[in-house]
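Visitor: Have a look at the structure that comes next, please.
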Amino acid sequence: MTLLAIETATDIAGAALLDHGSLRASLAFRPQRDVCQRLLPRIQEMMGEAGVSIEKVAAIAVGRGPGSFTGIRIGVSIAKGMALALGVPLFGVSTLAACAYPALGSGGIACALIPAHGDELYAGLFRAGETLEPIEEDVLTASDLIARLAHLGERVTFAPVAAQARAVLPLKELNVEHSFLPAEITWHLATWVGRLAAARLEAGEAGDGIGLAPVYLRPSQAELQADGTP
């Protein structure tokens with residue numbers, strides 16, 4: 001059962017082909033402003049090199065955010081179009097959960113971080129046992145995030161997708177053991193999106209359907225400025 005996963009919520013766009021959760025092929029690139037033009041041809045090239053025809057795809061998965069507003073909209077739109085054209089299930093996966101996926105089984109708290117605006121972060125907190133158990137996803141200042149983690153009082157594995165996400169953390173205020181996953185996780189987000197979706201597919205879930213909505217967690221900067229928010 002072949003699943004195609006797409007992730008475009010960060011500054012690295014990617015796609016992956018999985019067969020029963022096992023990676024068959026993947027791609028990742030920095031699209032700058034042309035992800036819409038470059039992603040589909042790159043997916044077609046990846047599938048051709050893997051010897052997989054589009055008719056063999058049994059499900060589509062997509063990172064639904066949070067992250068780049070434009071990137072999320074493009075990725076979700078492409079995934080919806082492909083799922084509708086192929087008549088296959090569509091699964092939306094939290095981009096923060098995909099960031100935290102490499103911490104699976106580590107115990108304690110997995111804390112996924114994506115830069116938002118200023119010192120704000122998109123933060124996803126998960127208990128990292130045999131599965132990722134969601135605790136919360138929110139937009140937090142770095143100080144508020146550290147305060148919440150200190151209150152939980154458990155070991156933390158951070159999964160930042162950018163150096164600036166790590167740089168703003170006041171780690172001296174964190175009184176629990178902590179470590180960081182390598183920054184290279186960002187290049188594999190589509191694979192983690194695919195594995196999270198494949199587990200749901202194999203568990204018999206029907207998917208989210210064409211009604212799948214992006215998750216932004218905060219208004220865009222343009223909307224904030226229109227409201228007079230600096």
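The values are calculated or read from the model by the stated rules, or taken from the named source; none is laboratory data. Only a predicted model underlies this, so the values are computations on that prediction, with no experimental measurement involved. Neighbour counts run over all protein chains shown; Cβ positions are idealised from the backbone, glycine included. These accessible areas exclude ligands, DNA and RNA; they are computed on the full protein's heavy atoms, side chains included. Shrake-Rupley method; radii C 1.70, N 1.55, O 1.52, S 1.80 Å.
Visitor: How many residues, within the range 1-32, are assigned to a strand (DSSP E or B), surrounded by fewer than 18 Cβ atoms within 10 Å (Cβ to Cβ) and among the polar types (S, T, N, Q)?
Guide: So the answer is 1.
Visitor: Whether any residue in the range 129-138 is open to solvent by 40 Å² or more (accessible area, probe 1.4 Å), over 19 Å from THR157 (Cβ atoms), in contact with a strand residue (DSSP E or B) (Cβ under 9 Å, 6 or more places away or on another chain) and among the β-branched types (Val, Ile, Thr) is what I want to check.
Guide: No, the range 129-138 contains no residue that is open to solvent by 40 Å² or more (accessible area, probe 1.4 Å), over 19 Å from THR157 (Cβ atoms), in contact with a strand residue (DSSP E or B) (Cβ under 9 Å, 6 or more places away or on another chain) and among the β-branched types (Val, Ile, Thr).
Visitor: Within the set of pairs 6 or more residues apart or between chains, which connect a residue that is at pLDDT 95 or above inside the range 157-181 to a residue that is surrounded by fewer than 16 Cβ atoms within 10 Å (Cβ to Cβ) and among the β-branched types (Val, Ile, Thr) with Cβ atoms less than 6 Å apart?
Guide: none
Visitor: Let me ask another. Taking the range 182-198 as the search range and keeping residues that are touching a helix residue (DSSP H, G or I) at 6+ places or on another chain (Cβ under 7 Å) and modelled with pLDDT of 95 or more, which one is farthest from ALA25 (Cα to Cα)?
Guide: LEU196
Visitor: Could you say which residue among ILE74, ILE43, ILE60 is under 24 Å from ALA112 (Cβ atoms), in contact (Cβ under 8 Å) with a residue 12 or more places away in the chain, outside any loop (DSSP other than H, G, I, E, B) and open to solvent by less than 20 Å² (accessible area, probe 1.4 Å)?
Guide: ILE60
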